[in-house]
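The values are calculated or read from the model by the stated rules, or taken from the named source; none is laboratory data. This one's a predicted model, so the numbers in the text were calculated from it and none came from an experiment. Backbone-built Cβ (ideal geometry, glycine too); neighbour counts: all protein chains shown.
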Amino acid sequence: MQFLNWKKLTLLLICFACSKGALQLAMPLTPRLYEKQVVDRYFDDGYLAKAAHYKEARNAASRVTIPADIVVTLLFLFAGPLRLLARRLNASKIKPVVQAILIVCAMLLFESILMLPFTYKFHYLLEREFGFSNETSAMFLADYFKGIAIGLGFAVILAAIFTALYRRFTRGWIYFVGMAFSVFTIFTVYVMPIVIEPLFFDYKPLPAGTLRTKIEELAKTENIRLDNIYEMRASEKTNRTNAYVTGLWGTHRVVLFDTLLKKFNDDEIISVVGHEFGHSVLNHVAIGLALDIASIWIILFVARFLIIWLVRIYPDPLAERNIGALIPIFLLGISLASFFINPIAAYASRHFEAAADYYALEKTHNRGAAVSTEVKLAKDNLSDPNPHKLSYFWYAGHPDTISRIRMAENFKQSR
């Protein structure tokens, strides 16, 4: 039983892999953002060498995992698993929606299990090598399989939505699927802080003390609810320092890593909190959600094009035996569209981060703390303060460290 135009699909997957590979190879050949003497003002050669070593290790990991992921996908589609499962499902009386769910779950499980050795080596062992990870192997694997379980839960819901609406609305399925996926995305962002994130880390409200008092004073001017500021016990798994905002409406919150609270002084923490307050006041979570929904529609149109181009279906497009074969194509459409719209998403993210930086400077008036914060964050996370331009353009979700430092240094002159 031939579900897919395997020649076209294989060619597309190879082109996709080559595009990603060519991008990885081209990045080091492009100029860096700054001359070395600019970076040397803030970072010594020892740190720059270590950061470069870490970045190269991550790039080497990408050069291995990208083709491995493509090979695993091809194995599932053409080496037997999909066809075997499809034949058995076709011979059964299982409903089309359930067939689609079984196919997508089988695909995700197949890929997750075969990619586990690569994930373990390049996400766990690499992080331990550079002193980031505090996890045991058991902790890492527990989180990995929890992630698979959550992914399967999402896959069941989305596969059911896609299949049911595709069967019900033959011509206009893309519009109904797009609306349903948009609503599901909003729901996911809403429940993420209270359902999903606690599965991986422990959270508690920021305790009373001098730091909280200072944060309260900062929050008064913007009517920010302090019961929505949480400390995350990150140190049991990582030495990285970070903070972020998450959730919508009643679940909206600011989260601070406990590593940040331990390593940074009060002024620096206030600078970080001011940045996160900026995201809240400027509604960046909601705006980012709107952009995510726009991306969903782009991805759907790419998937629709691929379905038309690649799938060789029988005369009745709603036949029970054919519907599940659309799911792998749909997932491929997600990967393709996500890769090519990533520069747009990265640019929007950098804009939000810069706006939050400026907001923090306006509220704290502490340029020195902002500068030291950026230097510490870079060093704690081995960030490259001077990335190559192509890498920065395609992937960077935050402004580079030097531009953030310069914003702080020049802030008084711009007031």
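Data overview
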{"item": "The listed residue being modelled with pLDDT under 85 and surrounded by 15 or more Cβ atoms within 10 Å (Cβ to Cβ), out of Leu12, Leu48", "result": "Leu12"}
{"item": "Of residues in the range 69-85 being under 21 Å from Lys20 (Cβ atoms) and surrounded by fewer than 17 Cβ atoms within 10 Å (Cβ to Cβ), the one modelled with the lowest pLDDT", "result": "Phe78"}
{"item": "Filtered residues of the range 372-401 (kept if free of Cβ contacts under 8 Å to residues at least 60 places away in the same chain and either touching a strand residue (DSSP E or B) at 6+ places or on another chain (Cβ under 9 Å) or of a type outside the set (Asp, Glu) (or both))", "result": "Phe393, Tyr395, Ala396, Gly397, His398, Pro399"}
{"item": "Any hit, the range 41-59, residues being over 22 Å from Ile334 (Cα atoms), in a helix (DSSP H, G or I), of a type in the set (S, T, N, Q) and within 26 Å of the chain's Cα centre (by Cα)", "result": "yes"}
{"item": "Pairs, first in contact (Cβ under 8 Å) with a residue 60 or more places away in the chain in the range 86-99, second of a type in the set (Asp, Glu), C-beta under 6 Å, six or more apart", "result": "Pro96/Glu320"}
{"item": "Matching residues, the range 157-201, being of a type in the set (A, V, I, L, M, F, W, C) and outside any helix (DSSP H, G or I)", "result": "Phe169, Phe200, Phe201"}
{"item": "Matching residues in the range 87-113 - criterion: being assigned to a helix (DSSP H, G or I) and of a type in the set (Ser, Thr, Tyr)", "result": "Ser112"}
{"item": "Of all residues making up the range 128-178, the number that are buried (at least 16 other Cβ atoms within 10 Å of the Cβ), of a type in the set (Lys, Arg) and free of Cβ contacts under 8 Å to residues at least 24 places away in the same chain", "result": "0"}
{"item": "Residues of the range 171-218 satisfying the condition of being among the basic types (Lys, Arg) and at pLDDT below 90", "result": "Arg171, Arg212, Lys214"}
{"item": "Tabulated pairs, the range 32-53, first in contact (Cβ under 8 Å) with a residue 40 or more places away in the chain, second aromatic (Phe, Trp, Tyr) and surrounded by 13 or more Cβ atoms within 10 Å (Cβ to Cβ), C-beta under 7 angstrom, 6+ apart or interchain", "result": "Leu33/Tyr392"}
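A quick yes/no check of all residues on (1) closer than 26 Å to Pro117 by Cα; (2) loosely packed, with under 14 Cβ neighbours inside 10 Å; (3) of a type in the set (Phe, Trp, Tyr):
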{"residue": "Lys20", "(1), (2), (3)": "yes, no, no"}
{"residue": "Leu33", "(1), (2), (3)": "no, no, no"}
{"residue": "Gln37", "(1), (2), (3)": "no, yes, no"}
{"residue": "Ala52", "(1), (2), (3)": "yes, yes, no"}
{"residue": "Glu56", "(1), (2), (3)": "yes, yes, no"}
